[in-house]
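The values are calculated or read from the model by the stated rules, or taken from the named source; none is laboratory data. A quick note: this is a predicted structure, and the numbers were derived from the prediction, not measured. Every residue, glycine among them, receives a Cβ derived from its backbone with ideal geometry; neighbour counts consider all protein chains shown. The protein model used for the area step is the full one, side chains on, heavy atoms only, and it has no ligands, DNA or RNA in it. Shrake-Rupley method; radii C 1.70, N 1.55, O 1.52, S 1.80 Å.
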Amino acid sequence: MLLNSGNSLLVICAYLLIFGVIIYFMTIRPQKKQQAQADAMHASMQAGDSVLTTSGFYGVIIDIMDDTVIVEFGNNRNCRIPMTKDAIAAVEKPNLTKTAEEDE
């Protein structure tokens with residue numbers, strides 16, 4: 001009787017371990033990967049880059065401080081808004097290479 005009780009406890013512990021591993025690989029690990037990609041994107045931001053904010057606005061980075069970015073929206077030079085780096089969803093580097101059509 002004691003042996004059956006130990007086996008059922010062992011089976012329950014095995015199920016908990018399996019579910020813990022599944023939860024790790026399905027939720028925690030992808031979230032850590034996504035956070036690492038976002039940190040790399042934020043580290044590579046420079047003044048002059050076009051950005052998309054989490055609220056859906058497109059703008060250009062004017063200045064970067066420790067945790068704050070000043071973004072200019074539209075052509076109006078008076079529309080400069082400071083925001084945290086976490087509010088930047090995507091960064092697009094300006095195209096600095098000239099094409100053959102531009103040279104002619």
request  = Mind pulling the angle between the C-alpha long axis of helix 2-23 and the longest principal axis of the chain? Nearest 10 degrees, somewhere in 0 to 90.
outcome  = 10
Principal-axis tilt of helix 29-43 within the chain, Cα atoms, nearest 10 degrees = 20
note = So the carbon and sulfur contribution to the accessible area of the chain, 1.4 Å probe, in percent, is 60
note = Residue-ordered couplings for region 58-68, obtained by feeding phi - 60° into the Karplus form 6.51 cos²θ - 1.76 cosθ + 1.60 and rounding to whole Hz (Gly and Pro as x), are 9, x, 10, 6, 9, 8, 10, 10, 4, 10, 10
key: Residue-normalised accessible area of region 1-73, expressed per residue, 1.4 Å probe, Å²   = 77
ask   = With every protein chain present, what accessible area does residue 19 have (1.4 Å probe, heavy atoms only), rounded to the nearest 10 Å²?
value = 120
key: Cleavage-rule hits, trypsin sites (Lys or Arg not before Pro), region 2-87, DSSP coil, Cβ neighbours within 10 Å at most 15   = 77
request  = Using only the alpha carbon atoms of region 13-77, find the Kirkwood hydrodynamic radius as the inverse mean reciprocal pair distance, in angstroms to one decimal.
outcome  = 14.6
